[in-house]
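Enquirer: I have a structure I would like to understand better, so I am pasting it below and will then ask my questions one at a time.
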Amino acid sequence: MLIKQMADVYTNPEKHVVLSNNVKIPILGLGTSHDGGYSHEAVVYALKNCGYRHIDTAKRYGCERYIAQAVKASGVPREEIFLATKCWPTDYGAATTKEAFLGSCERLAVDYLDMYLMHWPEVSSGVQNRKQLLQETWRALEVLLDEERVRVIGVSNFLERHLEMILEECSVVPHVNQCEFHPFNNPKALRHFCADRNIQFEGYCPLGNGQILSNPQIQEIARVYCKSPAQVLIRWNLQSRVVCIPKSTKEHRVNENSQVYDFALTQEDMTTLENMKQSLTCVDRSSIQTKIDNPLPDGYKLKIVKPPLEP
């Protein structure tokens, strides 16, 4: 069963996207941010029972070592899982980025990563030349790619002006840009900018942190298809060819979020969702600088909802 699920994810064109370097990334993944907590059982269930093969995390979240335990407990071979994590801005720089990368690999119990992203375009306040540091860090990712320590490199939360800094000096154009994405936060200009440069757009918070599930228009669309609002929102992502990483610590929600391949939204419904009023931001960009300059440790606000059982 696991082999069949793996083959389906990587052989069915609807279930993956092909990046500019011909690497396939499952279009539906499981997010594991520190917001909302971390559930060992939910991650194991996603891999073992729901066919998820894409796990997204970050050093900053503080749950990399728990994900390693979940992958092992799932019984799914490492090579079947597309594992992505991120470099926090305080680790930016030629040597420190590589150290952070190796640290993530150690915590995740792997000898390579499928995807490594620069987490934010902001840097520590004390840095005099931000552009130079971003470019230097990107070059460090390119070296890791050259050394075949990582299969895909990219950025997260980068706007057009930030991407331009990287594009000025890069040897490898970012394969992915991961940003907040849902009908009420749909950066169309940025998506077009990425598409024109063959940068795959990936969206987090596809359910608007649950805040948009009660929207009457979304609920009405869901009623027509006999699906949940969450399934409609995820399906909109997939039909938009945006890589989607919904998160839940509840097993029944993890399963529900994966049941999105047995229906298709009409063009009319796609257009309705595409043109919603832009009225919700789940991640406050203005607070990021303070968080970068704050010496709190990684995972400082991580809540373990369901920890792994002690061996």
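Enquirer: Write down the Å³ per residue value for the convex hull defined by the alpha carbon atoms of region 62-216.
Expert: Working: hull volume 21.7 nm³, N = 155.
It is 140 Å³ per residue.
Enquirer: From the alpha carbon gyration tensor of region 90-152, can you work out the equivalent ellipsoid semi-axes (sqrt of 5 times each eigenvalue) and give them in Å, largest to smallest? Please report the intermediate quantities before stating the final value.
Expert: Numbers: eigenvalues 93, 30, 16 Å².
The three semi-axes for region 90-152 are 22, 12, 9 Å.
Enquirer: Can you compute the FRET efficiency between E99 and N49 using 1/(1 + (r/R0)^6), with r the Cβ-Cβ distance and R0 = 25 Å? Round to the nearest 0.05. Spell out each step's value before the answer.
Expert: Values: r = 36 Å, r/R0 = 1.45.
It comes out at approximately 0.10.
Enquirer: Compute the semi-axes of the equivalent ellipsoid of region 5-127, taking the square root of 5 times each eigenvalue of the Cα gyration tensor, and list them largest first in whole Å.
Expert: Semi-axes, largest first: 26, 17, 13 Å.
Enquirer: Where Rh is the Kirkwood radius over the Cα pairs of region 197-311, the temperature 4 °C and the viscosity 1.567 mPa s, what D in µm²/s does Stokes-Einstein return? Write out the running numbers ahead of the final one.
Expert: Values: Rh = 16.5 Å.
Calculated translational D: 78 µm²/s.
Enquirer: In whole percent, how big is the carbon plus sulfur part of the accessible area of the chain, probe 1.4 Å, protein atoms only? Intermediate results must be reported in sequence, preceding the final value.
Expert: Numbers: 6870 of 13720 Å².
Exposed carbon and sulfur together represent 50 percent of the surface.
Enquirer: Say a paramagnetic label sat at a point 7 Å from the Cα of K250, along Cα to Cβ; which residues of region 283-311 have their backbone N under 20 Å from it?
Expert: Those under the cut-off are 303-307.
Enquirer: Go ahead and collect, in residue order, the members of region 129-160 whose backbone nitrogen is under 11 Å from a label point 7 Å along the Cα-Cβ direction of N21.
Expert: Correct set: 141-154.
Enquirer: Label-point separation (nm) for E14 and N198, each offset 7 Å from Cα along Cα-to-Cβ?
Expert: 2.7
Enquirer: Using alpha-carbon positions, what is the distance between the centroids of region 236-311 and region 78-156, in Å?
Expert: Distance between centres, Cα-based: 22 Å.
Enquirer: What residues qualify as long-range amide H neighbours of H54, i.e. H under 5 Å apart, gap of 5 or more or another chain, H built at 1.01 Å from N?
Expert: L30, F82
Enquirer: Plugging the Kirkwood radius over Cα pairs into Stokes-Einstein for region 30-93, at a temperature of 4 °C and a viscosity of 1.567 mPa s, what D comes out in µm²/s? Don't skip to the answer; put the middle values down first.
Expert: Numbers: Rh = 12.1 Å.
It comes out at roughly 107 µm²/s.
Enquirer: Using a Förster distance of 22 angstrom, determine the FRET efficiency expected from the C-beta separation of S214 and Q259, and round it to 0.05. Please report the intermediate quantities before stating the final value.
Expert: Details: r = 20 Å, r/R0 = 0.92.
Calculated value: 0.60.
Enquirer: Using only the Cα atoms of the chain, each taken as one equal point scatterer with no solvent, compute I(q) by the Debye sum, divide by I(0), and report log10 of the ratio at q = 0.12, 0.16 Å⁻¹.
Expert: -0.78, -1.46
The values are calculated or read from the model by the stated rules, or taken from the named source; none is laboratory data. Worth saying up front: this structure is predicted, and the values here are computed from it rather than measured. Note: ideal-geometry Cβ built from the backbone for every residue, glycine included; neighbour counts use all protein chains shown. Only protein heavy atoms, including side chains, enter the accessible area calculation; ligands, DNA and RNA are left aside. Shrake-Rupley method; radii C 1.70, N 1.55, O 1.52, S 1.80 Å.
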